[in-house]
Amino acid sequence: MSLATNPRRYVISFIFIGVATIMLLRLFFLQNFEPKYKILANDIAIYKKVVYPPRGVILDRKGRTLLSNTPIYDLMITPRNVPKTFDTVAFCAALNIDREMYASILGKVLVRNIDVRQSPFMELLSDEQTARYQENAYKFPGFELVERNIRVYEKPIAGLMLGYIGEVSPEMLKKPRYSSYRQGDYTGLSGLELQYEEVLRGQRGVHYLERDKFNRPRDPYKGGELDSQEVSGKQLDLYLDMELQEYAEKLMANKIGSVVAIDPQTGGILAMVSSPTFDPNLLRGKERAHNYSQLYREATRPLFNRATQAMYPPGSTIKPFTGLVALNVGAITPDYGYGCRGSYGACSRGIACEHKEAGHAGNFRAALSHSCNSYFSHIFRLTVDYDNFESVKQGLQVWHDYYKSFAYGRQTGIDIPFEGKGLVPDTNMYNKMYNKSWNSCTIVFVGMGQGELLLTPLQMANGMCIIANKGYYYTPHFVKAIGRNEQDTLLRKYREKHVVLNIPDETFTTVQLAMQDVVEHGTGGVAKIDSMEVCAKTGTAENKAIVNGEVIKMQNHSMFVAFAPRVNPRIAIAVAIENAGYGAAWAGPIASLVMEKYLRDSIPTRKKALEEKMLKANLINKYVYTIDSVLRLRDLRIYNAKVEKRRIADSTRKAEDLRLYKRWIRNKLKSGNRK
C-alpha cells in the first residue's frame, strides 16, 4: 500500500510531533518565565512562610466580645531538612528541654509522618521559649516557628455553645470537608466553632522571603509580588446576651439541667445553659486533651448539652398543647368542664390529681391554671377518639401531625451540631408496642406529658414561641450576622417563618389567657412580674431510672415554661432541673429571675430572697445522694439474694453430707466394722 493511499501515518506522526512540541514549550516556559516554580525548587535561598489568619471573633448582642484570639507560636519540623550533624545540645537549651525529650518527640513525628512533610514538633511555645529560639533560629535548619492564634474566652461561660478548636486528625483529613486542610491545621470541633468553621477560619496566606547567609528569612522575594495574602475569618454577631447568660449559669450552679431563652420575634437565642457548666478555657492550649478527658469522665457529664440533647417527659408543661389540639379539632370548647375529685378513673387505673375541690376543672382556663391531670387526660382521649376520625389510630395520627408541626419529635434546626430529636409516638409505634391492640386508655398518660412523649428543653422553649406568636416560629439560632451582614446567605433559612397547622388566632388567645391565669392565680405564681402579663405553665415530670434492668422510681424533674409579655412577647423560656421535685419549687423561680433580668435588667427587692436561695442551692448533692441510694438499694438486694442463695446452698450441702454420713455408717455396720 502506498503512502498516498494511507494518510493515517501522516496523522499519527503529526500528533506525536505536536504533543512533543507542546511539552518542550511548556518546560521552556516553566524554566524561564515561572519564578514561582523556581522558588519551590530552590527552598535553600527562598523561604516559604505559611501565614495562618486569626479566626473570626464572636460578639454578643450588644457587641461585647465572647471569643477572640491571642498569638502563639508552634515549632514545626521537616525531618528531611534536619542535617545529620544537627546541634541537639544547643537546640534543647533554646527550648529548655532535655535530649531524651527531643528524641521522644522526634520519634513520634517520624512514626506519624513521612520525612518530607512539615508537621508540629512542639506546640504553644511559651514566650521565653519563643524568644530564645528566635535568637538562635539560624542554627536549626529543618525547624520553623509558625505563628498561630489561640482562642481566648473572655468569660468562662457558654462553653458548649461557643465550642472549641483542635488539630485536624488524620481521620478527618480523609473526609471531603477537610480536603483543603493539612496536618497541623486547626478546626472547630464543637458548637459554633464547628457549625461556622468555613466563615470563622479565614484563608491562610503564603509569603516568600529571601534567606541571608545565616539561612535566616529576611526581605520579601520580588517585593512580595508572588505572595498570597491571608484573609481573616469573619466576625459572628450573636443574639446571645452575655450578662443574661452569665446570670443564668450562676442560677444553675450546683444543679443538673438546662435553661433556654429565645426571642419569639426572631428565633434568636438569648441564653442557653447546660448545667453543670465548665470553663471553656480548659479546652485550649497544651492541656486541652487532658482536661477534655477529665471532663468526659465526670459523672455529671458537663460535656453533654442537656439543652439540645437531653430528652425529658415534659410533664404538665405539655398541657397547653394538649388543649390547643383538642380545641382546634373540635373535641372540646373553651367552656368544657370535667368533674374531677382528685383522680381520673375512666381507664380502670387511677391517675392522681393534686386538686379535689369542686370547680377546679370547670372549664379549660380553670383546668390549666390548676393543672388538673384528670381534665387533660380526658380531653386527650376525646381528641384521639373524636367522632370525625374513623378510629383511634387515625385520631392519634392527626394529633401526631400537629405535634410534628410544632417541631416536636424532630430537630428544630438550631445552628449548633448534634441536636436531639425528642420522641412523639405515632400509630405505627403503638401498633408495634401493643401488637395493634390498643385504645385511648392505653396511651392516656401522653395527654399529661408522660408516657412515651419526650422533648428537649430547646423544643419546649420553641413551643412557647409558637403560642406567643399565635401560630408561627423562626428556627432557633444564635447568629444574627456574619461579617456584620445580617443578609448572609447562610442565615437565610433562619429568616423563614414556619407556620404550624391551621389554627385560628382565637384558639391561641384562649390558651394564652389560660397560661396567664396559671401565673395570676394558679400554680405558676412564682413567675409574676410587676405590671406585666406573664404566661407560664409548671411541670413535674416523673423520673425513673433503669438499673440492671430494674425500673426504680426517683425524684421528679422540675419543669417550667413561660413567655412574656403576653402581647408583643420578647422572651420565651424553658427550664428543666433534674431530680428537683415540683416545677414551681425550682424551675419556676429560675425562669422568673431570668425573665426579670432580661426584661427589667434588674431583680426587684421582693425577689432578692428567692434569688439568694437559687444561687446558693446545691441540688447536685441531692442528685448524687439519690443515685447513691438507688445503687445502695440495688447492692443490698443483690447482697441479700446472695446471702439467701448461700444459706440455701449451705443447708442443701449439710443435708447431703448428713445423708452420705448415714450411708457410710450403714455400710460399716453391714461389713461388721463397728469402730
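The values are calculated or read from the model by the stated rules, or taken from the named source; none is laboratory data. What you see is a predicted model, and the numbers here were worked out from it, not measured in a lab. Glycine also receives a Cβ, built like all others from the backbone with ideal geometry; neighbour counts cover every protein chain displayed.
Listing for the model above:
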quantity	calculated
Search result, residues across region 83-141 that are under 22 Å from GLU287 (Cα atoms), in contact with a Leu (Cβ under 8 Å, 6 or more places away or on another chain), among the aliphatic types (A, V, I, L, M) and touching a residue at least 40 places away in the same chain (Cβ under 8 Å)	MET122, LEU125
Helices (runs of 4 or more DSSP H) wholly inside region 119-173 that include at least 1 residues being within 33 Å of the chain's Cα centre (by Cα) and closer than 24 Å to PHE418 by Cβ	159-162, 170-173
Selected residue (only one of ILE552, ILE573 is part of a strand (DSSP E or B) and farther than 22 Å from VAL518 by Cα)	ILE552
Test: residue in region 174-194 that is in the same structural domain as LEU66 (by TED's automatic domain parsing), under 20 Å from ARG484 (Cβ atoms) and not charged (D, E, K, R)	yes
Close pairs (8 angstrom Cβ cut-off, 6 or more residues apart or separate chains): farther than 15 Å from PRO604 by Cβ and surrounded by fewer than 24 Cβ atoms within 10 Å (Cβ to Cβ) in region 523-539, of a type in the set (D, E, K, R) and at pLDDT 95 or above anywhere	GLU533/ARG566
Helices (runs of 4 or more DSSP H) completely within region 423-521 that count 3 or more residues being closer than 23 Å to THR538 by Cβ	457-468, 505-521
Single condition LEU106 does not satisfy, out of (1) in contact with a strand residue (DSSP E or B) (Cβ under 9 Å, 6 or more places away or on another chain); (2) of a type in the set (A, V, I, L, M, F, W, C); (3) modelled with pLDDT of 90 or more	(3)
Index of the failed condition, VAL231 passing every other in (1) hydrophobic (A, V, I, L, M, F, W, C); (2) in contact with a helix residue (DSSP H, G or I) (Cβ under 9 Å, 6 or more places away or on another chain); (3) surrounded by fewer than 16 Cβ atoms within 10 Å (Cβ to Cβ)	(2)
Residue pairs meeting the criteria (Cβ under 8 Å; at least 6 apart or on separate chains; first more than 14 Å from ALA261 (Cβ to Cβ), in region 453-465; second assigned to a loop (DSSP other than H, G, I, E, B) and among the acidic types (Asp, Glu))	THR456/GLU419
Close pairs (8 angstrom Cβ cut-off, 6 or more residues apart or separate chains): closer than 10 Å to SER405 by Cβ in region 496-515, of a type in the set (Asp, Glu) and part of a helix (DSSP H, G or I) anywhere	LEU501/ASP401
Leading residue by the ranking (surrounded by the fewest Cβ atoms within 10 Å (Cβ to Cβ)) among those in region 562-595 that are touching a Pro at 6+ places or on another chain (Cβ under 8 Å) and of a type in the set (A, V, I, L, M)	ILE571
Within region 433-482, tally of residues that are among the polar types (S, T, N, Q), surrounded by 19 or more Cβ atoms within 10 Å (Cβ to Cβ) and under 30 Å from LEU160 (Cα atoms)	5
Test: residue in region 332-343 that is in a strand (DSSP E or B) and surrounded by fewer than 16 Cβ atoms within 10 Å (Cβ to Cβ)	yes
Counted residues, region 354-375 - those being within 38 Å of the chain's Cα centre (by Cα), part of a loop (DSSP other than H, G, I, E, B) and buried (at least 23 other Cβ atoms within 10 Å of the Cβ)	2
